[in-house]
Amino acid sequence: MNGKGPNLQQYNSVAEKYSEEFLTFNQESIIAYFKHFDDRNIKGKKILDLGCGDGYDLSQFAKRSAKVYGLDSSKEMVKLARKRNPEGIIEIGRFDEIPFNDKSFDIVVSKWALQTAAEIQPIYEEIVRVLKPRGRLIFLACHPLRQFLEKKRKNKNYFLKEIVTSVFFDGQITALEPSHTLNEYLSPFFFQNFILESYEEGFDSAAEKVDGDIYPSYFIIQARLKTDL
């Protein structure tokens, strides 16, 4: 979970509950996400997880012989992640101020976290800085359409950045997050610096269904850093 959102530490009070429940509720998005990782391309690689949460994803990468690093703004989440990954290097911090050196990582990943930031481009700028040449970026984020519907009123404005209330895990957890547009993620800066390798949308039943409708609750982007930077 990232800083510079509506509440830097909002996941501290629900860290244990989130850790207990997400494997049950997020199976669709977990399966879709991990399809983007090939064991042969992970072994021995340095992977940085932005918004590493309780460290579950890092532990899966470590099992595939990756060298794992994590960053999260929630100190309680970081405690859980460090306990689960004693060999990993996991820090408290913001995605727009990544506390690692230039060209440090083969892969930067993130799941259900980028949307917690107020602005996306400063995060991309940091990812470009810390990735090695031809490094990969793979992330899953809350779909902007979901955030638009979560504004829950008439005359909604998709393009207006607002704090929306996301309810998930059958109402057990509520998060306040800034809304985004798809163009913020697939921006001119993104295409100047990355080659888009794949894009997909999906529905995860952990999310609240506004008015009972079915719509994409997340999207996944896989990209590679351009070689001519």
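Which residue out of Ser205, Ser166 is part of a strand (DSSP E or B) and not acidic (Asp, Glu)?
After applying the criteria, what remains is Ser166.
Listed here are the residues, each with its yes/no results for (1) among the β-branched types (Val, Ile, Thr); (2) in contact with a strand residue (DSSP E or B) (Cβ under 6 Å, 6 or more places away or on another chain); (3) farther than 21 Å from Leu131 by Cβ; (4) buried (at least 23 other Cβ atoms within 10 Å of the Cβ).
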{"residue": "Gln9", "(1), (2), (3), (4)": "no, no, yes, no"}
{"residue": "Val14", "(1), (2), (3), (4)": "yes, yes, yes, no"}
{"residue": "Lys17", "(1), (2), (3), (4)": "no, no, yes, no"}
{"residue": "Thr24", "(1), (2), (3), (4)": "yes, no, yes, no"}
{"residue": "Glu28", "(1), (2), (3), (4)": "no, no, yes, no"}
{"residue": "Arg40", "(1), (2), (3), (4)": "no, no, no, no"}
{"residue": "Tyr69", "(1), (2), (3), (4)": "no, yes, no, yes"}
{"residue": "Asp72", "(1), (2), (3), (4)": "no, no, no, yes"}
{"residue": "Glu76", "(1), (2), (3), (4)": "no, no, yes, no"}
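I'd like the residue in the range 93-113 that is aliphatic (A, V, I, L, M) and within 19 Å of Glu197 (Cα to Cα) and, out of all such residues, is surrounded by the most Cβ atoms within 10 Å (Cβ to Cβ).
Val108
With the structure loaded, tell me whether Asp213 is crowded, with 16+ Cβ neighbours inside 10 Å and over 16 Å from Gly135 (Cβ atoms) or whether it fails that test.
It is false that Asp213 is crowded, with 16+ Cβ neighbours inside 10 Å and over 16 Å from Gly135 (Cβ atoms).
Any idea how many residues of the range 126-163 are over 20 Å from Leu186 (Cα atoms) and assigned to a loop (DSSP other than H, G, I, E, B)?
So the count comes out to 7.
Looking only at the range 99-118, how many residues end up being over 14 Å from the mean Cα position of the chain (by Cα) and either closer than 24 Å to Ile163 by Cα or not in a strand (DSSP E or B) (or both)?
6
If Ser65 satisfies every condition in (1) over 20 Å from Leu137 (Cβ atoms); (2) crowded, with 21+ Cβ neighbours inside 10 Å; (3) among the hydroxyl-bearing types (Ser, Thr, Tyr) but one, which is the exception?
(2)
Only one of (1) without any contact (Cβ under 8 Å) to a residue 40 or more places away in the chain; (2) over 15 Å from the mean Cα position of the chain (by Cα) is not met by Glu126, so which one is it?
Failed condition: (2).
Where a number appears in this text, it was derived from the coordinates with a stated rule and is not lab data. Since we're looking at a predicted model, the values are computed, not measured. Please note: Cβ atoms are built from the backbone with ideal geometry, for glycine as well, and neighbour counts cover all protein chains shown.
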